[in-house]
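Undergrad: One structure is given below, represented as structure tokens, and several questions about it will come after.
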Amino acid sequence: MGFGPVDPEPNEPYFHADWEERVLGMTLCAAALGHWSLDESRHARENRHPADYYSSSYYEIWQKGLERLLIRHDVVSNEELAAGHSLRPGPESAQVLTADRVPRTLSRGGPVDRPATTKARFETGDQVRTKVINPQTHTRLPRYARGKLGVVDKIHGCHVYPDRNAHGGGEQPQWLYTVRFDGRELWGDDAEAGLSVSIDAWEPYLEPA
Amino acid sequence: MGSDHDHGHGPDNHLQPIEARVRALETILTEKGLIDPAAIDAIVDTYQNEVGPRNGAAVVARAWTDPDFAAWLADDATAAIASLDFVGRQGEHMQAVFNTPDEHNVVVCTLCSCYPWPVLGLPPVWYKSPPYRSRVVIEPRAVLAEFGLELPESTSIRVWDSTAELRYLVIPTRPQGTDDWSEDELASLVSRDSMIGTGVAADPDGTEAAATPTAGTPGTP
């Protein structure tokens, strides 16, 4: 059925090849240059033909996403990728992540909570319905959870809004809610008994039920 | 992955296409002075050796032995976890979810691979792959059975889809017969999978309550 068995690998290593290590490190270092947000990088990975996405391994998708971002932001050219070498000098000033600054950078992370400037529209316990949307652009509202009736479980303050932030629209923070759905609401009467699923939904995804 | 055929030019003609592609990009970015290869090494070293599920196990063991810490974890998991120095990338907004006999929690990121790096390290391939991502929100009981975990019918399952930057850590139930155990001893019972929700903590007699189909050593997955 569907994608088949989960099939965990026993005693799995973190990386299955050296190149995977380099992709992880390169992705984080390139992101530190400051040209794109994490939201834009997710969209760059995911916005591809399904056949490409499903036939690529996890870190292959990271590599493809990184190439796309670097080309898009004019950091690297297609000619350079084909040549395997730089064909023009890098910019004079760039915020390069050096090895000595890695610990501080990793431990600082990238918090996305922002001060609230509006009142939250919903309260815990409110019944809400997720909107039916079908954007061509980035969203974090999964298809299975669109147009579904749920209950607000928790309110998390205002967070950077990926649907706008991924496309250079600025952070546009929105109130973030954990919304819980009964399994039957999502999957019908044959859903596993006792199942509930929650998502974390920004306010624009929700309307009162 | 791409075909095994390579394009036969230059010193990299023995590499798989993806390896050549990655190497080329690292060369270009290094030549432009935009990345420091030693920074890549440091990042990899961090997630290979410094950060991993032992961190999360310490959080769980503390929660089991210290009711004030457990309450703090429930109220503000980010701060409680930070007090043990587990902070940073992909753990900026933590949520702890507590298993009970009545409710079992399971965490997923259906959209990509969001995972609480500071407490669990890097996610395993199965967590990031379409079968788990798609099926655990539909039929978690069946998915957990593939991990060897059979929950009583009376236990409901709550699946948390990590669609925002909140990162979830499952606090498994404390095994029976561990009343006078130290935190370190308790932490040794806490598997990575028990903190995702695809397992439970091991029993003190050494049997894992849930093992992967080809069982590994207790304490690794």
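Undergrad: Just one of B:Val60, B:Val51 is surrounded by 20 or more Cβ atoms within 10 Å (Cβ to Cβ), touching a Gly at 6+ places or on another chain (Cβ under 6 Å), among the hydrophobic types (A, V, I, L, M, F, W, C) and closer than 20 Å to B:Gly197 by Cα; which is it?
TA: B:Val51
Undergrad: Return the residues of the stretch B:165-190 that are without any contact (Cβ under 8 Å) to a residue 12 or more places away in the chain and facing chain A (nearest Cβ under 7 Å); say none if nothing qualifies.
TA: Once the filter is applied, which keeps residues that are without any contact (Cβ under 8 Å) to a residue 12 or more places away in the chain and facing chain A (nearest Cβ under 7 Å), the stretch B:165-190 yields nothing.
Undergrad: Return the pairs, sorted by first residue and then second, in which the second residue is surrounded by fewer than 20 Cβ atoms within 10 Å (Cβ to Cβ), the first residue lies in the stretch B:23-35 and is more than 7 Å from chain A (Cβ to nearest Cβ), the beta carbons are less than 6 Å apart, and the residues are 6+ apart or on different chains.
TA: B:Thr30/B:Pro37
Undergrad: Moving on to the next point. For residues in the stretch A:1-54 being β-branched (Val, Ile, Thr) and touching a residue at least 12 places away in the same chain (Cβ under 8 Å), which is surrounded by the most Cβ atoms within 10 Å (Cβ to Cβ)?
TA: Of everything passing the filter in the stretch A:1-54, A:Val23 is surrounded by the most Cβ atoms within 10 Å (Cβ to Cβ).
Undergrad: Take the stretch B:135-173 and flag every residue that is over 19 Å from the mean Cα position of the chain (by Cα) and either among the small types (Gly, Ala, Ser) or under 21 Å from B:Ala58 (Cβ atoms) (or both).
TA: B:Ala142, B:Ser154, B:Ser156, listed by residue number.
Undergrad: While we're looking at this one, here's another question. Quick one: what pairs do we get from the stretch B:83-100, first residue away from chain A (no Cβ under 13 Å), second assigned to a loop (DSSP other than H, G, I, E, B), C-beta under 6 Å, 6+ apart or different chains?
TA: Short answer, once both residue conditions are applied: B:Asn99/B:Pro172; B:Asn99/B:Thr173.
Undergrad: Mind counting the residues in the stretch B:111-122 that are surrounded by 24 or more Cβ atoms within 10 Å (Cβ to Cβ) and at the interface with chain A (Cβ under 9 Å from one of its Cβ atoms)?
TA: 1
Undergrad: Which count do you get for residues in the stretch A:165-191 that are touching a strand residue (DSSP E or B) at 6+ places or on another chain (Cβ under 9 Å) and without any contact (Cβ under 8 Å) to a residue 40 or more places away in the chain?
TA: So the count comes out to 11.
Undergrad: Determine if the stretch B:165-181 includes at least one residue that is assigned to a loop (DSSP other than H, G, I, E, B), out of contact with any His (no Cβ under 7 Å at 6 or more places or on another chain) and aliphatic (A, V, I, L, M).
TA: no
Taken together, the values in this text are just the output of simple stated rules run on the coordinates, not laboratory data. All values reported here derive from a predicted model rather than from experimental measurement. Positions of Cβ are generated from backbone atoms using ideal geometry, with glycine treated the same way; all protein chains shown enter the neighbour counts.
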